[in-house]
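**Q** Could you have a look at this structure, given as structure tokens, before my questions?
The values are calculated or read from the model by the stated rules, or taken from the named source; none is laboratory data. Computed from a predicted model, the values in this text were never measured in an experiment. For neighbour counting, all protein chains shown are included, and Cβ atoms are generated from backbone atoms with ideal geometry for every residue, glycine included. The accessibility values were calculated without ligands, DNA or RNA, using every heavy atom of the protein model including side chains. Shrake-Rupley method; radii C 1.70, N 1.55, O 1.52, S 1.80 Å.
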Amino acid sequence: LKLSSHCWLSRRTSSICPYKPFATMQHPRPLVELPAESGHPRAFHIVGRASTRENADLCGEYVYAGSHAGRPAYLKRGAATAVRYAPRCGRWVIDRHGLRDSDVCVAFADDDGSQHPARVELLWHIWDSRSEAHVADADIAAVNCPGTLSLIGRAEGRENHAVVGEYDLAGVHHGRPAYRQRCGDAVLRYHAPEGRWLLAAAGAAGNVCSAFADGSAAAHPACGELAWHFWEVRRSAFVADPAVRTMSCPAVVHIVGRAPSAENARICGTYRLAGAHNGRPLYVQPGTQQVIRYSAKTGRWLVDCEGLAEPSIFSRLYQWILSGDGASAAERCSAYAEGLGFPHPGSCSLEWQVWEARKGRHVPDAAVRATTAPLAVRVSGRDPARENADIVGEYLLASVLCGRPAYVRNGSRTAIRHWAPMSRWVIDREGLRHGDRCVAYVDDLGDAEHPAALSGAWHVFESSRGLHLADA
């Protein structure tokens, strides 16, 4: 699966199939809430295994799945692979067969007394079939940090403006997570001798950089308010730029689901990251006066359709970006959602209330969601000679169902939708409806925001067998 805009299926088998309910299939492992007082991470990433090496697919995001052997256990998002504690050998293990009582594993790290596995100090040993043994790999690490972050605020026309953009987790450096610019050549890494985070070219070594921020106490660059200093040739010095922030947030958020005929349907659309306000990202819908911003006063995310309407409000936008001072900003809004501690508004878990003038108040609208889901996904890889090969093609974001984005295939009513009771994404020829009948499905073990975020195998119905078979 491509995480950005494509959802992949692979081979298997001729003629259109009937629908088959999930009732005869094994229910996927349910999602588990992490106790707030536990201190364990809700999720973490395993990074650093070279893509050309055996078992490189162990890398990815792992989500809390409950307690196992008295320690927290985690499942890889969209897969059965688990990270769990094996008490008999005193090790943290990575097991492709999930949560079970066994010392057999594809990777392990000796326990150092940690209460969870998301510690860069753990040295992982990965199975190597040529050596017929687990071999230590110092490059691989389990880290508790965002998988993606955004660097914002460097003004166009200023030196090193090109470093602005999204950064993806790429590995570890000096014991901290390192990030690579998604659409550029910049790297964001930690330099332990000086206790600084550096922005540098991918090939730069040591403390050579185009910008830095002191941050020895920051576990990752989106942690806390790092103050960035950029090199300026004309001054032959690093100069502080208070507008620059590194934040755990996406560059784009879509609001979907409001009925076109309903009041304030205009809140729907694409919003782009424009700056920071109250320590949280601020989004603007291009070509409109609309913004999504955080209110520290109420702890809510607000959609303000007139956010840039008045000159005084327009000027305050840049005050927010430069200083984060939102004390004078109005609390008015066309829609809001309780923040629930989310670092940005692009989560389908947030429930929105929309202003209705006739009722004189904000009214809950369960169909409205703010999401980072792509506007289109593509299903591909099904063998054209196999049954149900016609499910391949491009699907466009159309609505929200079961609190998740739903997609409809171009030229048909075939839909990809989330079925919450079974924690699955399904492909349904009958379109956007509730129910467990489908032509294909994939288990969602990690509460994914959209189907392209899953890496598990899709199961496609085959009438000759009378059931859905994995097509991986």
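**Q** Hey, can you tell me all the residues within the stretch 63-107 that are on the phi > 0 side of the Ramachandran plot and either touching a helix residue (DSSP H, G or I) at 6+ places or on another chain (Cβ under 6 Å) or open to solvent by 10 Å² or more (accessible area, probe 1.4 Å) (or both)?
**A** If the condition is that a residue be on the phi > 0 side of the Ramachandran plot and either touching a helix residue (DSSP H, G or I) at 6+ places or on another chain (Cβ under 6 Å) or open to solvent by 10 Å² or more (accessible area, probe 1.4 Å) (or both), then Ala69, Gly70, Gly90 are the ones that fit.
**Q** Which residue out of Arg404, Arg409, Arg386 is in contact with a Phe, Trp or Tyr (Cβ under 9 Å, 6 or more places away or on another chain) and either farther than 20 Å from Pro260 by Cα or polar (S, T, N, Q) (or both)? Give the derivation first.
**A** Values: Arg404 fails: either farther than 20 Å from Pro260 by Cα or polar (S, T, N, Q) (or both); Arg386 fails: in contact with a Phe, Trp or Tyr (Cβ under 9 Å, 6 or more places away or on another chain).
Among Arg404, Arg409, Arg386, only Arg409 is in contact with a Phe, Trp or Tyr (Cβ under 9 Å, 6 or more places away or on another chain) and either farther than 20 Å from Pro260 by Cα or polar (S, T, N, Q) (or both).
**Q** Let me ask something else about it. Residues His45, His6: which one is modelled with pLDDT of 95 or more and within 29 Å of Cys183 (Cβ to Cβ)?
**A** None of the others qualify; the one that does is His45.
**Q** Okay, moving on. Could you tell me which of the residues Arg176, Arg180, Arg100 is closer than 21 Å to Gly275 by Cα and basic (Lys, Arg)?
**A** Just a single option satisfies the conditions, and that option is Arg180.
**Q** Give me a count of the residues in the stretch 222-278 that are out of contact with any strand residue (DSSP E or B) (no Cβ under 8 Å at 6 or more places or on another chain) and not charged (D, E, K, R).
**A** Adding up the residues that qualify gives 9.
**Q** Within the stretch 138-164, count every residue that is open to solvent by 20 Å² or more (accessible area, probe 1.4 Å) and farther than 25 Å from Ala43 by Cβ.
**A** Looking only at that region, the number is 10.
**Q** Please pick out the residue among Asp168, Asp241 that is among the acidic types (Asp, Glu) and open to solvent by less than 20 Å² (accessible area, probe 1.4 Å).
**A** Criteria check complete, one pass: Asp241.
**Q** Go through the stretch 421-449 and give me each residue that's of a type outside the set (A, V, I, L, M, F, W, C), farther than 20 Å from Gly393 by Cβ and open to solvent by 30 Å² or more (accessible area, probe 1.4 Å).
**A** Pro421, His434, Asp436, Arg437, Asp443, Asp447, Glu449, listed by residue number.
**Q** For the stretch 201-222, which residues satisfy the criterion of being crowded, with 18+ Cβ neighbours inside 10 Å and closer than 16 Å to Leu149 by Cβ?
**A** Of everything in the stretch 201-222, those that are crowded, with 18+ Cβ neighbours inside 10 Å and closer than 16 Å to Leu149 by Cβ turn out to be Ala211, Ala213, Gly215, Ala218, His220, Pro221, Ala222.
**Q** Next up: Leu282: hydrophobic (A, V, I, L, M, F, W, C), modelled with pLDDT under 95, surrounded by 21 or more Cβ atoms within 10 Å (Cβ to Cβ) and closer than 15 Å to Ile152 by Cβ, yes or no?
**A** Values: hydrophobic (A, V, I, L, M, F, W, C): yes; modelled with pLDDT under 95: yes; surrounded by 21 or more Cβ atoms within 10 Å (Cβ to Cβ): yes; closer than 15 Å to Ile152 by Cβ: yes.
Criteria met by Leu282.
**Q** For the stretch 388-410, check the following and say yes or no: at least one residue is assigned to a strand (DSSP E or B), open to solvent by 20 Å² or more (accessible area, probe 1.4 Å) and of a type in the set (Phe, Trp, Tyr).
**A** Within the stretch 388-410, none of the residues are assigned to a strand (DSSP E or B), open to solvent by 20 Å² or more (accessible area, probe 1.4 Å) and of a type in the set (Phe, Trp, Tyr).
**Q** Against the condition out of contact with any Gly (no Cβ under 8 Å at 6 or more places or on another chain), at pLDDT below 90 and open to solvent by 10 Å² or more (accessible area, probe 1.4 Å), how does Ala457 come out, does it pass?
**A** Spelling it out, Ala457 is indeed out of contact with any Gly (no Cβ under 8 Å at 6 or more places or on another chain), at pLDDT below 90 and open to solvent by 10 Å² or more (accessible area, probe 1.4 Å).
**Q** Taking the conditions exactly as written (hydroxyl-bearing (Ser, Thr, Tyr), loosely packed, with under 13 Cβ neighbours inside 10 Å, at pLDDT below 95 and within 30 Å of Ser380 (Cβ to Cβ)), does Thr24 satisfy them or not? If you could, list the steps in order and put the result at the bottom.
**A** Details: hydroxyl-bearing (Ser, Thr, Tyr): yes; loosely packed, with under 13 Cβ neighbours inside 10 Å: yes; at pLDDT below 95: yes; within 30 Å of Ser380 (Cβ to Cβ): yes.
Judged against the criteria, Thr24 is a match.
**Q** Which residue pairs have Cβ atoms closer than 7 Å, lie 6 or more positions apart in sequence or on different chains, and pair a first residue in the stretch 116-137 that is open to solvent by 40 Å² or more (accessible area, probe 1.4 Å) with a second residue that is charged (D, E, K, R)?
**A** Final answer for the pair search is Glu121/Asp112; Ser129/Glu54; Val135/Asp128.
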